[in-house]
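A.B. asks: Got a structure for you, written out below as structure tokens; questions coming shortly.
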Amino acid sequence: MHSKTLTLFLLLFFSSFFFSSIHVEADDPYRFLTWNVTYGFIYPLGVQQQGILINGQFPGPQIECQTNDNLIINVFNSLNEPFLISWNGIQQRRNSWQDGVYGTTCPIPPGKNFTYMLQVKDQIGSYYYFPFLAMHKAAGGFGGFKILSRPMIPVPFPPPAGDFTILAGDWFKANHTDLRATLDGGHSLPFPDGVLINGRGWNGNTFTVQQGKTYRFRISNIGLTTCLNIRFQGHKMKLVEVEGSHTLQNTYSSLDVCLGQSYSVLVTADQPPLDYYIAVSTRFTNPVLTTTAILHYSNSAGRPSGSPPGGPTVEIDFSLNQARSIRWNLTASGPRPNPQGSYHYGMINTTRTIRLANSAATINGKQRYAVNSVSFIPADTPLKLADYYKISGVFWAGSIPDRPTFGGAYLQTSVMGANYREYIEIVFENYENTVQSWHIDGYSFFVVGMDGGQWSSTKSRKSYNLRDTVARCSFQVYPKSWTAIYMALDNVGMWNIRSENWERQYLGQQFYLRVYTPSNSWRDEYPIPRNALLCGRAAGRKTRPL
């Protein structure tokens, strides 16, 4: 074949492959990334550890893209064990195949690669990615994920002079393999050894700013077990975005960021030209762990003075009131065709109420955690594959009740069934003395209410914010409290609902929501990817012909 003809053939072949795999419009740009996941020595708290690096980096490279971009991410697993990357907050519209959790995706075997094909459909905002399996998150493998608005879409604040990412989280000196062995042995994790900012400890990061200019800081809590609080010494934070939603621009001197959550704040360098501390500390813990970074004025005359600014410690009311103060900016445009405020979520009648209660339990002499008394155990085959190939005996969509039972906890591959296009209310009830953090894959939902005490279908609903609550993908439930959300089931697939406390998630505080439609139409859900990895009882089957 002539070389030019061959080149044209290959171009048409691969274009057809990608377009037919993820079904996008021709004007949606592609971004191609190649990642190599390896082990490497890291020293985040001054102790040598076996870290997980992406392209030699800890944390991994930041993803930067625009609304509706297509991301083709080829991940090579150079570890000696299976590996998966998940995308916290990326909705994977009609495409739970790409979610990167074990319920939907086979792990990448050692020495092999897998190409994720994502589209950040109708999304903006600040997110992150992380490894899902085997306590890998305790070793690294995470990074920032930034989605910018398209140029013609107005943003409700002037363009900042700079855009910084802060990935903060608690950290353990023990290797992830030792932490995993602790959990597998039926024990709880020890108290964390410290807090990191972008993979480094005290004063390990410097953010350089120019006096008089305003900067955007995207803050995510990528930790394992604790909520955090962040302060900028001598400076205020103006909140502008939460997990894809523009917010009312409230000003805060300190901001709680619980597990799995992401916020964007504007900070103006309006102080004398010096260096200042950025302090991050744990919330609701005793003792309190703190770390710092440096806010460095380009014309600085000296190092930070005094001690890092103190913050709240165990106060619940402060955090609860702050969470309630975060509201949607109804006048701002979003990535959707219509302004965000045109969606009157509070005027839609819910069709179903689901109540979920977390609990700690001992099962077979080992520490476990449960939702509605069911402690999740992984199946031998990803649930999405079992559903697609109609493999019996892997799960049934009713293996977890939609009400608390308050009975003894038991092990089960828990899947809850739900119908496409339902509009549901989910109430998360926390009867324990610890703060809970929750995340729902595949969705953005409205956090309509939160309060102390027991939830009541009559009294509690009267306190719901049905006008301008923020839409997000992660939230907290305070001790002996409840949080309620409204969610439109507009995304068919198998979606993970989990605790963002990684000990609790690993030991069973999660389940899957199967959002189902009998239509079997590509309009409602994309078909299985041609490159899908097949494992368990799905091994050896066919995906789709090329």
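The values are calculated or read from the model by the stated rules, or taken from the named source; none is laboratory data. A quick note: this is a predicted structure, and the numbers were derived from the prediction, not measured. FYI the Cβ positions are ideal-geometry reconstructions off the backbone, even for glycines, and counts take in every protein chain you see. These area figures cover heavy atoms from the full protein model, side chains too; ligands, DNA and RNA do not enter into them. Shrake-Rupley method; radii C 1.70, N 1.55, O 1.52, S 1.80 Å.
A.B. asks: How long are the three semi-axes of the equivalent ellipsoid for the stretch 250-365, computed from the Cα gyration tensor as the root of 5 times each eigenvalue, in whole Å, largest first? It would help to have the intermediate numbers written out before the result.
C.D. replies: Working: eigenvalues 251, 145, 28 Å².
Semi-axes (√(5λ), whole Å): 35, 27, 12.
A.B. asks: What order do you get for 149-158, 177-186 when each peptide is scored by the mean count of other beta carbon atoms within 10 Å, highest first?
C.D. replies: Working: 149-158: 11.7, 177-186: 15.4.
Averaged packing, sorted descending, gives the order 177-186, 149-158.
A.B. asks: Which shape class applies to the stretch 349-443: rounded if a/c is under 1.5, otherwise prolate when a/b exceeds b/c and oblate if not, where a ≥ b ≥ c are the square roots of the Cα gyration tensor eigenvalues? Before the final figure, lay out the partial values.
C.D. replies: Details: a/c = 2.01, a/b = 1.10, b/c = 1.82.
Oblate, since a/c reaches 1.5 and b/c is not below a/b.
A.B. asks: Something else about it: Equivalent ellipsoid semi-axes for the chain, as square roots of 5 times the alpha carbon gyration tensor eigenvalues: give them largest first, rounded to whole Å.
C.D. replies: Values: eigenvalues 222, 169, 131 Å².
For the chain, the ellipsoid semi-axes come out as 33, 29, 26 Å.
A.B. asks: Quick one: which residues, 5+ away or cross-chain, put their amide H under 5 Å from the amide H of SER375? H built at 1.01 Å from N.
C.D. replies: TYR410, LEU411, GLN412
A.B. asks: Find the relative contact order for the chain and round it to a whole percent, using C-alpha pairs within less than 8 Å whose residues are 6+ positions apart.
C.D. replies: Details: 1407 pairs, mean separation 74.7, N = 546.
Contact order relative to length: 14 percent.
A.B. asks: Then there's this: On average, how much accessible surface per residue is there in the stretch 285-387, in Å², for a 1.4 Å probe, leaving out ligands, DNA and RNA?
C.D. replies: On the way: 4750 Å² over 103 residues.
Spelled out: the 1.4 Å probe surface of the stretch 285-387, per residue, equals 46 Å².
A.B. asks: Quick one: grab the alpha carbon gyration tensor of the stretch 241-318, order the square roots of its eigenvalues as a ≥ b ≥ c, and give me rounded if a/c is under 1.5, else prolate or oblate depending on whether a/b is larger than b/c. Could the numbers behind the result be given before it?
C.D. replies: Numbers: a/c = 2.33, a/b = 1.26, b/c = 1.85.
Because a/c hits 1.5 or more and a/b fails to exceed b/c, the stretch 241-318 counts as oblate.
A.B. asks: Now a separate question. Given the protein chains as shown and a 1.4 Å probe, how many square angstrom of ARG303 are accessible, to the nearest 10?
C.D. replies: Using a 1.4 Å probe on the heavy atoms, I get roughly 150 Å².
A.B. asks: Here is a further query. Below 8 Å, C-alpha to C-alpha, sequence gap of six or more: please give me the relative contact order for the stretch 161-270 in percent.
C.D. replies: Working: 217 pairs, mean separation 34.0, N = 110.
Dividing the mean separation by the residue count of the stretch 161-270 yields 31 percent.
A.B. asks: Ordering HIS344, HIS235, HIS296 by accessible area with a probe of 1.4 Å, largest first, what comes out? Spell out each step's value before the answer.
C.D. replies: On the way: HIS344 105, HIS235 10, HIS296 50 Å².
The most accessible residue leads, giving HIS344, HIS296, HIS235.
A.B. asks: List the aspartates and glutamates whose Cα sits under 12 Å from the Cα of LYS112, skipping any in the same chain fewer than 8 residues away.
C.D. replies: Within the straight-line limit of under 12 Å, LYS112 reaches these aspartates and glutamates: GLU81.
A.B. asks: Of the cross-linked pairs LYS146/LYS238; LYS238/LYS462; LYS121/LYS213; LYS173/LYS213; LYS121/LYS384, which ones have a Cα-Cα span greater than 26 Å in the structure shown? Show your work: numbers first, answer last.
C.D. replies: Numbers: LYS146/LYS238 19 Å; LYS238/LYS462 30 Å; LYS121/LYS213 32 Å; LYS173/LYS213 38 Å; LYS121/LYS384 21 Å.
LYS238/LYS462; LYS121/LYS213; LYS173/LYS213, as the Cα separations exceed 26 Å there.
A.B. asks: Give me the percent of accessible area attributable to carbon and sulfur for the chain, probe 1.4 angstrom. If you can, show how the numbers build up before the last one.
C.D. replies: On the way: 11180 of 21220 Å².
The computed percentage sits at 53.
A.B. asks: Summing -39500 (n - 2.57) over the DSSP H runs of n ≥ 4 in the chain and dividing by its residue number, what mean residue ellipticity at 222 nm do you reach, to the nearest 500 deg cm²/dmol?
C.D. replies: Values: 5 runs with 50 residues, N = 546.
Counting only the DSSP helices, I get -2500 deg cm²/dmol.
A.B. asks: Do any chymotrypsin sites (Phe, Trp or Tyr not before Pro) in the stretch 420-477 lie in a DSSP loop with no more than 10 other beta carbon atoms within 10 Å, and if so, which? Don't jump to the answer; show the numbers that get you there.
C.D. replies: Working: sites: TYR420, TYR423, PHE428, TYR431, TRP438, TYR443, PHE445, PHE446, TRP455, TYR464, PHE475; in loops: TYR420, TYR431, TYR443, TRP455, TYR464.
Nothing satisfies the criteria.
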